[in-house]
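The values are calculated or read from the model by the stated rules, or taken from the named source; none is laboratory data. No experiment lies behind these values; they were computed from the predicted model shown. Cβ sites come from the backbone with ideal geometry, for glycine too, and all protein chains shown count toward neighbours.
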Amino acid sequence: MADLTADLGFIKLKNPVIPASGTFGYGGEFLQFFDLDLLGAFVMKGVYSEERGGNEPPRIWETPSGLLNSIGLAGPGAEGLRGIIKEVASKTSTPIIVNVCGGNDEEYLEVARVLDVMEEVAMLELNISCPNVRSGGSCPAQSPSDTKKVVRLLKENTKKPLIVKLSPNVSDVPSVARAAEEAGADAISVVNTFLGLALDVKNRKPVFKNFFAGLSGPAIKPLALKIVWEVAEAVNIPVIGIGGIMTGRDVLEFILAGATAIQTGTVNIIEPTGSVRIINETLELMDELKIDNLEEIRGGLNI
Amino acid sequence: MADLTADLGFIKLKNPVIPASGTFGYGGEFLQFFDLDLLGAFVMKGVYSEERGGNEPPRIWETPSGLLNSIGLAGPGAEGLRGIIKEVASKTSTPIIVNVCGGNDEEYLEVARVLDVMEEVAMLELNISCPNVRSGGSCPAQSPSDTKKVVRLLKENTKKPLIVKLSPNVSDVPSVARAAEEAGADAISVVNTFLGLALDVKNRKPVFKNFFAGLSGPAIKPLALKIVWEVAEAVNIPVIGIGGIMTGRDVLEFILAGATAIQTGTVNIIEPTGSVRIINETLELMDELKIDNLEEIRGGLNI
Amino acid sequence: MKEEACRVITNTIIQGRYYLMKLESSHISENSKPGNFVMVAVSGSNDPLLKRPFGIFKTDPPYFYIYYEVVGKGSELLASKMTGDLVMVVGPLGNTFPEYENENILLVGGGRGIAPLYFAIEQYSGSNNLSLIYGARSKDDLLFTEEIGKFALKEKAFYTDDGSGFTKGQVTTDIKEIIERNGINITFSCGPDKMFESLNSEIGSLGISNFVSMEAFMGCGFGICYSCVVKGSDGKYKKVCSDGPVFRMEEIKWQI
Amino acid sequence: MKEEACRVITNTIIQGRYYLMKLESSHISENSKPGNFVMVAVSGSNDPLLKRPFGIFKTDPPYFYIYYEVVGKGSELLASKMTGDLVMVVGPLGNTFPEYENENILLVGGGRGIAPLYFAIEQYSGSNNLSLIYGARSKDDLLFTEEIGKFALKEKAFYTDDGSGFTKGQVTTDIKEIIERNGINITFSCGPDKMFESLNSEIGSLGISNFVSMEAFMGCGFGICYSCVVKGSDGKYKKVCSDGPVFRMEEIKWQI
Ligand SMILES: Cc1cc2nc3c(=O)[nH]c(=O)nc-3n(C[C@H](O)[C@H](O)[C@H](O)COP(=O)(O)OP(=O)(O)OC[C@H]3O[C@@H](n4cnc5c(N)ncnc54)[C@H](O)[C@@H]3O)c2cc1C
Ligand SMILES: Cc1cc2nc3c(=O)[nH]c(=O)nc-3n(C[C@H](O)[C@H](O)[C@H](O)COP(=O)(O)OP(=O)(O)OC[C@H]3O[C@@H](n4cnc5c(N)ncnc54)[C@H](O)[C@@H]3O)c2cc1C
Ligand SMILES: Cc1cc2nc3c(=O)[nH]c(=O)nc-3n(C[C@H](O)[C@H](O)[C@H](O)COP(=O)(O)O)c2cc1C
Ligand SMILES: Cc1cc2nc3c(=O)[nH]c(=O)nc-3n(C[C@H](O)[C@H](O)[C@H](O)COP(=O)(O)O)c2cc1C
Ligand code: FES
Ligand code: FES
């Protein structure tokens, strides 16, 4: 039977499947469906410093094979998250990743500091991609230099491994990835959602109060796979591939594109046991294709 | 009954539905399905100066609600196209748009000149977005200044109205659109396909010989609608919206986003009478929503 | 709460656009109470992507029923399922109407909102004195009146907006009299938001306990996507799927 | 050539993964000849997006049949269609095997490639002397042998790769003898590309007329997307859907 281990260098995961931020709640909600120990790791819903209510509904919209969301990062704030983390950590030994959000560099740091000191937290994921901002708004992942600044700030002030999560909505994702790497990021996760628009013809209005929203799900897979390949070519740190992953075959495609591990997003929302199915399918497909371990195919395209 | 007229300024179309380049052959192939006079206009498959065989197969790949293509602009060359145009023009009075391709500015001009002198051609569409180039390759739509140069060259040397078709695979589509406008473009059509990747896990190879391919179809609609809105905000010339349009409701969404007319792409491939269905649905939906004409809602978002 | 492939036993038109689907699941049929709902996969493909929420209409272990109106592409696909087909279902989800004994409870149903109320009648009519107000657009949208007739209800009143078949009016038309006449101290209601708003202005301040079972756009149905929120009277958002779908009327911030 | 919603009359398993679907369409059933194919919508949604190509197996106006193997998600969805369902179909598409009279024609079918050849037997066995070679992986993949038995064929030879049920071997095993024995001057074949390649090396230079009916990934099926190309012996790409699917063997550039 194939070896599913995914070695990020700073941590070895039992398998490469990591439910993504915002699509897995705080983990505990899934205990009723399966044992969290089955997962490679999981990422908690993004957290800001203070408690937030999130955006006015509607917050999601269905598109062909895709999902637009504008949740607005509702959540309990960094301090509030501590108790939630302790609770779920008592029920699983799977590494917990927290998704660190911020309105500015100081807030990123504040959130990171609060969570960095918790032994229950295995890694921080810095969410510098803010898909739910109205055009004109800006966020660090928009520019390599801003990215470098915030990543460096966090690396200087925190001890946990730092994953930097990138947005696909920028001119040149590889250059932002390289900036993160230079500033000391331990891994890159990519992609966050693609900016899209939904309109309500009847009321001649945008569907979302925030106007744009973030597109996820199988619709974006070919676009995400391209970006993951580009980023993996551009950096030497591990890349965690994200975007429309629905099957074990998708997992292996992302690994083949150069990812060391992957995150499952929308699939968790529409199929609560989806990530476990995907782990099983990955294993079966590896056995079928006689792939002994992920490193054997990672980035191994015959071009 | 609602008025479907779409007024591009330099030409008035009987309705806003224009089958897009590469998805409608040379028009004549559809005569067996319906009367071409039903359409607002139609765009011929892209043409280079010389005859081209196109890319090695496979040339298409199905993705969730999307289609990746890497056809490679197979075609008869500009001279060869003349006869084809005459033939189909003899069977319809619907305006014919030719999609002008080129490897460099000179070739664009060469192709445009050959077709500009034909009375059967109503408009030229300059295809400066080249989705089927391996990463690293470049094309004019990548930069505002290159765009300005080639558009100006064509405007100075041709007489037909010039539509400039933009790629979504650039940092900042609105600034490219503005460059085209400044150089004299009569209209903007947007979007061409999004760059994506498909991998064959079994053979550890890219599916396409050209590596990347262009994603089209309903999967991209929310992304295309966003870009069309941004471009329509940025320029004063008419915008022709393209991307995943499958229904009359989609048409009105693009008009609401600011488009004056729209192009139907992938739908023509999978449903030969799709464009006619879409025209009918648009009319029905306008009647249902009591929209008298397209200008009434164009760009008319209550934000 | 489980995710499982359930076999379609029957899927039949009740009337017009209204269907009743009988599905097999020991887990769901044995663990559901009035108010609970399920998320149903309407296709095996990626389009439509989301499961759709439907209230549990009744149970008969190992079977349970959903009653649905065909309103869009998801419910249309559901209507095309045949006996023997397997559909993925997550459930039972959400909270339930509270359980009482020997109380005078009024059920208020608007349109297809009858689903969880029918289940409540079936489950609670033995142990409580139930009354029912049920309204819909027209007589073609007011279903199960015959089945409801088989249960012992203290009073039942049917209304249609257009007066077809039944008394012309809304569920609020005679509600105060009905509450008084039957000594009602508790209401369970389910219907469109507009109905809740009228109910709130009519009976919200009578000092009785009002429970509403709400609908919202849903992604997951089990509390993790934060998409199904409604504004609470405390100004905070509540998740309809996991904080609800049943709320005390005063917990919600109504428009009117 | 038309695009229309066709009613499914029956859709039955022939054996294992092989299905026969009977559809209603006056236009297609009256205008199809052996070699023609149809593009069939396997779902009403955007996923899967593309129609799938299937050869016409036989016609019986106003009905026509397709015979298909379940190999992926599209054909699986097709297998789930029921009597009475409507499926969108474009057809008839492509060119056909040439029509001859009083010739000695050999039909060579590999696997599910029997579809257009069965149609050819039915249509041409009265007017020509037909022989048949038909091979498949195992006896479970070699279908319609009984139906084929009802037609007057000069010679028929069945092969399976694993020797189950029939002679162990490939369609090329005895082909030269069969050609000689029956005075064959024309062949019609349909099967996987590998079979064509073996055929080409075995009989490509015998000086007889060989026609092959090919498969390719298809987008549109009617010549406008340029996706279904195969390399011709002149170095130019040919569209399988509209230049074919039937080609003279020497028009195509074979690998071996
Ligand atoms: C807790 C709960 C219980 C429900 N119980 C029933 C029931 O018993 N019987 C019944 O007929 N209907 C019920 N509904 C409504 C039902 O879920 C919608 O009618 C159905 O989802 C519409 O899907 P569609 O694809 O046919 O329509 P479309 O309009 O095509 O759906 C498009 C999108 O809107 C969402 N959507 C549309 N209307 C609603 C709605 N009213 N509520 C939530 N999401 C919606 C869909 O999920 C989908 O994402 C319930 C809804 C909720 C939240
Ligand atoms: C002219 C022609 C006639 C055919 N006649 C028959 C027939 O009579 N009976 C039969 O069983 N099959 C026939 N086929 C093959 C049939 O079209 C494929 O088996 C079917 O499309 C597979 O679809 P799927 O979704 O089940 O498989 P998937 O593998 O899931 O399909 C994925 C994609 O690949 C394409 N694809 C996969 N295999 C093929 C193939 N061999 N040829 C073309 N496209 C393919 C599909 O269109 C789709 O886009 C024919 C093909 C062609 C081109
Ligand atoms: C409802 C929803 C909420 C999300 N919230 C977050 C978040 O809080 N932080 C974050 O970094 N990404 C968030 N994302 C993005 C996902 O983590 C993931 O990057 C994206 O959905 C792409 O993956 P997918 O196509 O598999 O869904 C969210 C996505 C969805 C659909
Ligand atoms: C098979 C195929 C071929 C195409 N060829 C061309 C082309 O020659 N020139 C061009 O400008 N665009 C070409 N396009 C892009 C379309 O014209 C259109 O911009 C794109 O498909 C997006 O629209 P859609 O989502 O409706 O398909 C092609 C698209 C497809 C799918
Ligand atoms: S539907 Fe996901 S939280 Fe309620
Ligand atoms: S399938 Fe489109 S050209 Fe042949």
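Looking at (1) within 14 Å of chain D (Cβ to nearest Cβ); (2) of a type outside the set (Asp, Glu); (3) part of a strand (DSSP E or B), which is the one condition that is false for C:Val42? Exception for C:Val42: condition (3). Return the pairs, sorted by first residue and then second, in which the second residue is in a helix (DSSP H, G or I), the first residue lies in the range B:276-302 and is away from chain A (no Cβ under 13 Å), the beta carbons are less than 6 Å apart, and the residues are 6+ apart or on different chains. Note: pairs meeting the criteria are B:Val276/B:Leu38; B:Ile278/B:Gly248.
Only one of the numbered conditions (1) within 11 Å of chain D (Cβ to nearest Cβ); (2) surrounded by fewer than 23 Cβ atoms within 10 Å (Cβ to Cβ); (3) more than 30 Å from C:Leu49 (Cβ to Cβ) is violated by B:Asp105, and that is (1). Taking the range C:133-186, which residues are in a strand (DSSP E or B) and over 15 Å from C:Leu117 (Cβ atoms)? Selection gives C:Thr160, C:Thr167, C:Lys168.
Applying the criterion of being touching a Gly at 6+ places or on another chain (Cβ under 6 Å) and facing chain B (nearest Cβ under 8 Å) to the residues of the range D:200-225, the residue that is nearest to ligand 6 (Cβ to nearest atom) is D:Cys225. Selection within the range C:1-46: residues that are small (Gly, Ala, Ser) and more than 24 Å from C:Cys190 (Cβ to Cβ). The member of this set that is farthest from ligand 3 (Cβ to nearest atom) is C:Ser26. Close Cβ contacts (under 6 Å, 6 or more residues apart or on different chains) running from residues in the range D:50-72 that are farther than 17 Å from D:Gly94 by Cα to residues that are within 16 Å of ligand 6 (Cβ to nearest atom) comprise D:Leu50/B:Glu62; D:Leu50/B:Ile270; D:Tyr68/D:Phe54. Does A:Leu294 meet the test of being surrounded by fewer than 18 Cβ atoms within 10 Å (Cβ to Cβ) and not basic (Lys, Arg)? No: the conditions fail for A:Leu294. Residues of the range B:17-41 that are within 14 Å of another protein chain (Cβ to nearest Cβ) and in contact with a helix residue (DSSP H, G or I) (Cβ under 7 Å, 6 or more places away or on another chain): B:Pro19, B:Thr23, B:Phe24, B:Tyr26, B:Gly27, B:Gly28, B:Phe30, B:Phe34, B:Leu36.
Confirm whether D:Thr145 is away from chain C (no Cβ under 14 Å) and either at pLDDT below 95 or within 16 Å of ligand 2 (Cβ to nearest atom) (or both). Yes; evaluated as a whole, the condition is true for this residue.
For C:Gly74, the conditions (1) within 9 Å of ligand 1 (Cβ to nearest atom); (2) part of a loop (DSSP other than H, G, I, E, B); (3) closer than 25 Å to A:Gly274 by Cα are fulfilled apart from (2).
Considered as a group, the residues in the range A:67-93 that are part of a loop (DSSP other than H, G, I, E, B) and free of Cβ contacts under 8 Å to residues at least 60 places away in the same chain include one that is farthest from the chain's Cα centre (by Cα), and that residue is A:Ser90.
Each residue in the range C:187-205 was checked for being small (Gly, Ala, Ser), in contact with a Phe, Trp or Tyr (Cβ under 9 Å, 6 or more places away or on another chain) and assigned to a helix (DSSP H, G or I), and 1 pass.
Selection of the range D:238-256 for residues being of a type in the set (A, V, I, L, M) and either modelled with pLDDT under 95 or part of a helix (DSSP H, G or I) (or both) yields D:Met249, D:Ile256. Residue count for the range D:1-30 under the criterion of being outside any strand (DSSP E or B) and either in contact with a His (Cβ under 9 Å, 6 or more places away or on another chain) or surrounded by 17 or more Cβ atoms within 10 Å (Cβ to Cβ) (or both): the result is 5.
All of D:Glu99, D:Glu69, D:Glu76 fail the test of being within 12 Å of chain C (Cβ to nearest Cβ) and within 20 Å of the chain's Cα centre (by Cα), apart from D:Glu76.
In the range C:210-256, what residues are within 18 Å of the chain's Cα centre (by Cα), surrounded by fewer than 19 Cβ atoms within 10 Å (Cβ to Cβ) and away from ligand 5 (no atom under 16 Å from the Cβ)? Listed by number, the list holds a single entry, C:Arg248.
Considered as a group, the residues in the range A:191-218 that are at the interface with chain B (Cβ under 7 Å from one of its Cβ atoms) and under 30 Å from A:Glu253 (Cα atoms) include one that is surrounded by the most Cβ atoms within 10 Å (Cβ to Cβ), and that residue is A:Leu215. Looking at the range A:279-300, is at least one residue at pLDDT 95 or above, within 15 Å of ligand 3 (Cβ to nearest atom) and in a loop (DSSP other than H, G, I, E, B)? No, the conditions are met nowhere in the range A:279-300. Scanning the range D:238-253 turns up one or more residues that are within 13 Å of chain B (Cβ to nearest Cβ), among the small types (Gly, Ala, Ser), more than 16 Å from ligand 1 (Cβ to nearest atom) and in contact with a helix residue (DSSP H, G or I) (Cβ under 9 Å, 6 or more places away or on another chain).
Checking each residue in the range D:212-237 for being in contact with a helix residue (DSSP H, G or I) (Cβ under 7 Å, 6 or more places away or on another chain) and assigned to a strand (DSSP E or B) picks out D:Val212, D:Ser213, D:Gly232. Contact annotation: residue pairs with Cβ atoms under 7 Å, 6 or more positions apart or on different chains, pairing a residue in the range B:213-241 that is in contact (Cβ under 8 Å) with a residue 40 or more places away in the chain with a partner that is hydroxyl-bearing (Ser, Thr, Tyr) and within 16 Å of ligand 3 (Cβ to nearest atom), are B:Leu215/B:Thr63; B:Gly217/B:Ser65; B:Pro218/B:Ser65; B:Ala219/A:Ser65; B:Ala219/B:Thr63; B:Ala219/B:Ser65.
Would you confirm, using the coordinates I've provided, whether A:Phe254 is at the interface with chain B (Cβ under 10 Å from one of its Cβ atoms), more than 16 Å from ligand 2 (Cβ to nearest atom) and in contact (Cβ under 8 Å) with a residue 60 or more places away in the chain? Spelling it out, it is not the case that A:Phe254 is at the interface with chain B (Cβ under 10 Å from one of its Cβ atoms), more than 16 Å from ligand 2 (Cβ to nearest atom) and in contact (Cβ under 8 Å) with a residue 60 or more places away in the chain.
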